Amino acid sequence: MIRECDYSVSRRQFLARTSSAVIAGTLASPMGLPSVLGAAGSGPKIRLGLISAATYGYMGAPRIQGSNHGTAFSTCCNGYDEAKRKQFQGTFVAARKRVEGAQVVKIWDPVKSAAERLADVCSIPTVCDTAEECSEDVDAVAIPDDGTGEQWKFALTPLRKGVPTFCDKPLAMTARKAKEVAEVARQAGTPFMSASALRFLPDVLALVREAPSLGAIHLATAVCGNELVYYGIHALEMVYAVLGRGAVSCLNIGQPGRNIVRVRFADGRDLMLMVAEPQWMRGGYQINLYGANGWKSLTPNLDELYWYLLEKFLELVRTKKETVPIEEEVEVIAVLEAGKRSLVERREVTVAEVLET
């Protein structure tokens, strides 16, 4: 089940003033129409900085303009100018649901011209020259998925400054790096979140509630397309959201590009995690639970998934209650890394040995 645990009280006065604020969604509207962000009674807006948010370069490829997560976060908070959006070159996700009480006020990207274009479409007032500048004089920082798998590097500065931080999935490509980020966050006492958006989709949360009716669940499968760590995290986190943590070992019996990973849990439960590259399988997401009293299969509805993700982070900023403990996210990365290592080494790899590396 999804769990919550309290953070220590923040010293930031803004967060104290906004602890009772709520998040809600409305249909997005182009700039120029009345904004829900300043609605009466909604309290002060969370001032958000977006880091590495305007371009995407998958696994070392040259960065190109546009970002699924970066544009979605921008439009969720700020809306967009429809005429300027039509002129935008590159990936642009125009969110249909709006988040109340938050506004992107700063943006930075390694390609400044791309940041300037996104800022123009979404009325983001400040385009920063450095990532560090983007974490100054803001109430929270969000670091969208930029394709590199190294976006975690940008989280260290705001975490050390005490600025609540979201680092998009995957937290890192290795458990060692993920642990380093977690240690910085815990030592600083800064609210921090990293997670797959699929954890928070309404039908996945409905599955969390329904799972007990299936009886004891000893077997499950989860499937998705693309690279094992970078995208397999979505499938694995659906399982963690429903069944909880506690994986102890992985045995990958697949082939390069076609991963079939038996993930064993401490209680004896087995998960078959199947993740294949595009040349072998079309992308998508599915989870199947096999219980003593019944079976359940779910292909989640991905509509507005970025809105649900951003909503959870802003809830953390306001309440200091983390839905996904950092240590659980580190374990997820360790499981995926163990799965990769198992295929290469042709043996069962324990999660503990990956975490100790």
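No lab work stands behind these numbers, since they all come straight from the coordinates. Computed from a predicted model, the values in this text were never measured in an experiment. Here Cβ is always computed from backbone atoms with ideal geometry, including for glycine, and neighbour counts include all displayed protein chains.
What share of the DSSP beta bridges in the chain is antiparallel, in percent to the nearest 5? List each step's numbers first, then the result.
Details: 31 of 57 bridges.
Beta bridges within the chain, antiparallel portion: roughly 55 percent.
Can you list the aspartates and glutamates whose alpha carbon sits under 19 Å from that of Lys97, skipping same-chain ones fewer than 8 residues off?
Straight-line reach from Lys97, under 19 Å: Asp81, Glu82, Asp203, Asp303, Glu304, Glu311, Glu315.
Using label points projected 7 Å from each Cα along Cα→Cβ, tell me how many nm separate Ala292 and Arg96, to one decimal.
In this crude spin-label approximation the distance works out to 4.2 nm.
Taking 7 Å along the Cα-to-C-beta vector as the label spot, tell me the Ala352-Lys112 distance in nanometres, rounded to one decimal.
Spacing of the two 7 Å Cα→Cβ label points: 5.2 nm.
By the gyration tensor of its Cα atoms, with a ≥ b ≥ c the square roots of the eigenvalues, what is the shape of the range 135-266: rounded for a/c under 1.5, prolate for a/b over b/c, or oblate?
On the way: a/c = 2.13, a/b = 1.59, b/c = 1.34.
Taking the square roots of the gyration eigenvalues as a ≥ b ≥ c, the range 135-266 is prolate.
Using 0.36 nm per residue, how much length does the chain from Thr126 to Glu180 gain when fully extended, once their Cα-Cα distance is taken away? Please report the intermediate quantities before stating the final value.
Numbers: separation 54, 0.36 × 54 = 19.44 nm, distance 3.02 nm.
Result: 16.4 nm gained on full extension.
Return the FRET efficiency for the residue pair Glu136, Ala266: r is the Cβ-Cβ distance, R0 is 35 Å, and the value is rounded to the nearest 0.05. Before the final figure, lay out each step's value.
Values: r = 43 Å, r/R0 = 1.24.
With a Förster radius of 35 Å, E is 0.20.
For the pair His218 and Arg47, what calculated FRET efficiency results from E = 1/(1 + (r/R0)^6), where r is the Cβ-Cβ distance and R0 = 51 Å, to the nearest 0.05? If you can, show how the numbers build up before the last one.
Details: r = 48 Å, r/R0 = 0.93.
The calculated FRET efficiency here is 0.60.
What helices does the chain hold that run 27 Å or longer along their axis, going by alpha-carbon atoms, with a Kyte-Doolittle average of 0.0 or more, using DSSP H for the helix calls? If you can, show how the numbers build up before the last one.
Working: long enough: 326-345 (28 Å, 0.32).
Both cut-offs are met by 326-345.
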